[in-house]
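*Asks:* Below is the structure I would like to discuss, written out as structure tokens.
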Amino acid sequence: MSSAEYILRRAAISVVLILAVATFLFFVFRLMPGDYVTFLLGEGASPETAERLRQKWGLNEPLHVQYVQYMVNLFTGDAGSSKVTGQPVVQFVLPRLANSLILVLPAILTAFVLGSLYGAVLGTQEDSLLERYGIFPPTLIGTTPDFFIGIVVLFIFSAWLNLFPPSGMVSPGTRELATSHWDLYLTTDFLYHYTLPFLAVTLKYMYYPALVMRGSVVEVSGQEFSVYHKMVGLGALTRFKHIMQHASLPVVTLLPAVTATAISGLVLIEVVFNWPGIGLLVYDSILTRDMAVIQFVFLLIAIWIILGNFIVDIVYTIIDPRITYEEG
């Protein structure tokens with residue numbers, strides 16, 4: 001099949017998967033023990049408020065009618081209201097999501113670049129002490145719990161060296177002066193608070209690309225094209241670039257899954273640094289049983305994983321032209 005047909009097919013599969021996840025979340029939350037309206041509004045809601053919610057979401061109707069109404073509301077951008085703040089869930093969650101993405105995406109990309117380079121260097125140093133034992137430091141850090149890495153980073157750079165603030169995204173004075181939420185990202189105070197959580201996430205997730213790239217480089221280095229490049233006298237740097245290009249496919253495949261893992265792991269990182277992102281929001285919402293927020297956040301994480309895999313499928317064929325579009 002052509003590349004356009006392949007992309008359309010993968011896009012259609014991604015849409016079906018997103019709808020399936022939304023359907024799964026609908027039935028899981030509806031079939032939980034207890035009254036769903038009480039879950040959404042809390043124990044102290046007035047009968048009038050409860051009845052308005054039942055009418056809006058069709059909660060007095062049969063389950064299949066509720067499902068149709070739920071999907072219609074989602075497609076129109078209505079995911080309900082937070083029982084804690086009373087705000088629409090979408091309006092409440094999106095700034096928190098932006099805070100998390102602006103932390104985790106640059107940190108994960110940095111971790112993958114540095115980890116891949118480090119792993120590639122290890123893989124090319126065959127039978128050396130560096131190749132045998134160099135993977136130990138990132139492995140030790142990568143298998144350490146997120147919150148502990150955050151605590152260590154805080155202790156060294158904030159409590160001991162007093163170089164960076166211990167928590168928050170900006171100082172209270174900066175927040176008061178900002179005209180919008182997005183202006184906060186452009187302040188030096190934001191960068192000052194951003195450094196430590198960014199460092200913690202980067203250190204935590206360098207392990208995965210380093211380990212995978214090291215093994216992939218060792219495997220690729222023994223393939224015929226690599227041996228041929230060495231025989232014809234290509235420079236070491238040129239050979240290294242070719243090896244990295246061919247060895248990078250497994251690392252690229254890891255990216256969406258590791259990013260999703262990092263987003264879920266942000267619950268602990270954000271609690272340690274008091275970073276107002278989606279991880280801290282999930283933690284607070286579980287404590288307050290804010291079910292509408294929890295359900296929407298789970299859906300967003302699933303969408304990220306599905307779209308991430310779709311993008312990787314497309315990027316895969318760009319990195320390695322040997323891959324063809326086949327049926328099945």
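*Asks:* Considering each of T139, T143, T124 in turn, give the residue that is of a type in the set (S, T, N, Q) and under 23 Å from Q245 (Cα atoms). Don't jump to the end; show me each part of the working.
*Replies:* Numbers: T139 fails: under 23 Å from Q245 (Cα atoms); T143 fails: under 23 Å from Q245 (Cα atoms).
Checking each option against the conditions leaves just T124.
*Asks:* One residue is enough: does the stretch 51-58 have a residue meeting the conditions assigned to a loop (DSSP other than H, G, I, E, B), of a type in the set (A, V, I, L, M, F, W, C), over 30 Å from T259 (Cβ atoms) and in the same structural domain as V28 (by TED's automatic domain parsing)? Before you say what the answer is, go through the steps one by one.
*Replies:* At the first step, the residues of the stretch 51-58 found to be assigned to a loop (DSSP other than H, G, I, E, B) are 58.
Still in the list and also of a type in the set (A, V, I, L, M, F, W, C): none.
No, there is no match, as no residue in the stretch 51-58 is assigned to a loop (DSSP other than H, G, I, E, B), of a type in the set (A, V, I, L, M, F, W, C), over 30 Å from T259 (Cβ atoms) and in the same structural domain as V28 (by TED's automatic domain parsing).
*Asks:* What are the residues in the stretch 81-94 that are crowded, with 16+ Cβ neighbours inside 10 Å and of a type outside the set (A, V, I, L, M, F, W, C), if any?
*Replies:* Hits for the stretch 81-94 are S81, S82, K83, P88.
*Asks:* Related question: Taking only pairs six or more apart or across chains, which ones have beta-carbon atoms under 7 Å, a first residue in the stretch 95-111 that is under 16 Å from S180 (Cα atoms), and a second residue that is of a type in the set (G, A, S) and surrounded by 24 or more Cβ atoms within 10 Å (Cβ to Cβ)?
*Replies:* Final answer for the pair search is R96/G277; N99/G277.
*Asks:* Name the residue, out of V315, V220, that is modelled with pLDDT of 75 or more and either in the same structural domain as A22 (by TED's automatic domain parsing) or of a type in the set (V, I, T) (or both).
*Replies:* Criteria check complete, one pass: V220.
*Asks:* Cβ-Cβ below 8 Å, separation at least six or inter-chain, first residue in the stretch 17-41 and farther than 24 Å from I306 by Cβ and in a helix (DSSP H, G or I), second of a type in the set (K, R) and modelled with pLDDT under 95: which pairs?
*Replies:* That search, which allows pairs on different chains as well, returns Y36/R30; V37/R54; F39/R289; L40/K83; L41/K83.
*Asks:* Is one or more of the residues making up the stretch 111-122 of a type in the set (S, T, Y) and closer than 30 Å to T238 by Cβ?
*Replies:* Narrowing the stretch 111-122 to residues of a type in the set (S, T, Y): 116, 118.
Cutting the leftovers down to closer than 30 Å to T238 by Cβ gives us 116, 118.
Yes, because at least one residue in the stretch 111-122 is of a type in the set (S, T, Y) and closer than 30 Å to T238 by Cβ.
*Asks:* Is there a residue in the stretch 263-276 that is modelled with pLDDT under 75, closer than 22 Å to F112 by Cβ and among the aromatic types (F, W, Y)?
*Replies:* no
*Asks:* Could you say whether any residue in the stretch 68-86 is touching a Ser or Thr at 6+ places or on another chain (Cβ under 7 Å), touching a residue at least 60 places away in the same chain (Cβ under 8 Å) and not assigned by TED's automatic domain parsing to the domain that holds A262?
*Replies:* Yes, the stretch 68-86 contains at least one residue that is touching a Ser or Thr at 6+ places or on another chain (Cβ under 7 Å), touching a residue at least 60 places away in the same chain (Cβ under 8 Å) and not assigned by TED's automatic domain parsing to the domain that holds A262.
*Asks:* Could you grab me the full set of residues in the stretch 137-172 that are small (G, A, S) and in contact (Cβ under 8 Å) with a residue 12 or more places away in the chain?
*Replies:* Within the stretch 137-172, G142, G150, S158, S167, G168, S171 qualify.
*Asks:* Within the stretch 117-146, which residues are within 14 Å of V218 (Cβ to Cβ), polar (S, T, N, Q) and out of contact with any Phe, Trp or Tyr (no Cβ under 9 Å at 6 or more places or on another chain)?
*Replies:* Scanning the stretch 117-146 gives Q125, S128.
*Asks:* Next up: Give me the residue from the stretch 24-55 that is modelled with pLDDT under 75 and of a type in the set (F, W, Y) and, out of that set, surrounded by the fewest Cβ atoms within 10 Å (Cβ to Cβ).
*Replies:* So, considering only residues that are modelled with pLDDT under 75 and of a type in the set (F, W, Y), the one surrounded by the fewest Cβ atoms within 10 Å (Cβ to Cβ) is Y36.
*Asks:* Give the stretch 101-137 a look and list any residue that's within 20 Å of the chain's Cα centre (by Cα) and not small (G, A, S), or say none.
*Replies:* L101, I102, L103, V104, L105, P106, I108, L109, T110, F112, V113, L114 - these are the residues of the stretch 101-137 that are within 20 Å of the chain's Cα centre (by Cα) and not small (G, A, S).
The values are calculated or read from the model by the stated rules, or taken from the named source; none is laboratory data. Remember, it's a predicted structure, so these values are computed and weren't measured experimentally. Using ideal geometry, Cβ is built from the backbone for each residue, glycine included, and neighbour counts are taken over all protein chains shown.
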